[in-house]
Amino acid sequence: MASRDHRVTTLEALEALYDKPYGPSVIKEIDHINPHYRKFIEAAPFFALATSGPEGLDCSPRGDAPGFVRIADPKTLLVPDRRGNNRIDSLRNIMRDPRVALLFLIPGIGETIRVIGRATLSIDPDLLASFTVNGKAPNCIIVVAVEHVFYQCTKAIVRSQLWDPARHVDRKTLPTAGTILAGLTAGRLGGAEHDKGHAERTLAKLY
């Protein structure tokens, strides 16, 4: 833990540590989705959704085929809430605090796209039906009113070598879901039996 004497406690002290933002880092931020940012969002099969609520913060992964986030207009994104674990942490937060942030990633691409706005939830029957996949519609649609959009430069992706196949981690080197559950419940849940059908269960419940 950082020593109390070395904590940054004022904005002035923080800003003194860094150069002022310049040129591209400021100009790239706009209040709508322009044609260039649209291409990135439509190419993204994944984004992380950050929300806030009375119990704290949440950040959840969202993914589907590229284009699954629909751009209704330059100020509105439509996101299907696909089948998950039913915790609905993000949705609970949105109901009480509409502020959201989205970080879009595209495999093989260094730039990421950041969207900040406010969200509501829609159960409009026609809208739900328009997002049907494999005969199944989402339970609701997250409607994001866009307030800020900008691209993040490639430095984080380059440093992490995220898309380099040589850097991919062998899944066998990390605990399985069954191992984690068994450890948390003294063996009452999880274990090898849980892991045995994991892949099949996941595919069967994608939508």
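Considering only 16, 156, 48, the Gaussian network model of the chain with Cα springs below 10 Å gives its largest mean-square fluctuation to 16. In loop segments of the stretch 1-75 as defined by DSSP, the GluC sites (Glu not before Pro) with at most 10 further C-beta atoms inside 10 Å of their C-beta are 55. Entry note, the chain: the mean residue ellipticity at 222 nm calculated from DSSP H runs of n ≥ 4, each adding -39500 (n - 2.57), is -7000 deg cm²/dmol after division by the residues and rounding to the nearest 500. Both numbers refer to the Cα atoms of the stretch 11-119; Rg and Dmax are 15.7, 46 Å.
Report, in debye and to the nearest 20, how large the dipole of the stretch 1-151 comes out about its Cα centre when Lys and Arg carry +1 and Asp and Glu carry -1 on their Cβ.
The dipole of the stretch 1-151 has a size of about 320 debye.
Spin-label model, residue 133 to residue 10: label points 7 Å out along the Cα-to-beta-carbon direction sit 5.1 nm apart.
Hey, got a sec? Which chymotrypsin sites (Phe, Trp or Tyr not before Pro) in the stretch 1-68 land in a DSSP loop and have at most 13 other Cβ atoms within 10 Å?
Loop-located and lightly packed - 18, 22.
Most mobile of 91, 105, 14 per a Gaussian network model of the chain (Cα springs, under 10 Å)? Greatest mean-square fluctuation among the candidates belongs to 14. For the chain, set up a GNM with springs between Cα atoms under 10 Å and report which of 20, 155, 28 has the largest fluctuation. Highest fluctuation among the options: 20.
Taking every lysine pair in the chain that is 8 or more places apart or spans two chains, those with Cα atoms closer than 23 Å amount to 10. Sorted from greatest to least, the principal axis extents spanned by the alpha carbons of the chain come out as 55, 51, 40 Å. Of the complete DSSP H runs in the chain, none spans 18 angstrom or more by Cα along the long axis with a mean Kyte-Doolittle score not below 0.0.
No lab work stands behind these numbers, since they all come straight from the coordinates. What you see is a predicted model, and the numbers here were worked out from it, not measured in a lab. With ideal geometry, Cβ positions are generated from the backbone for all residues, glycine too; neighbour counts draw on all protein chains shown.
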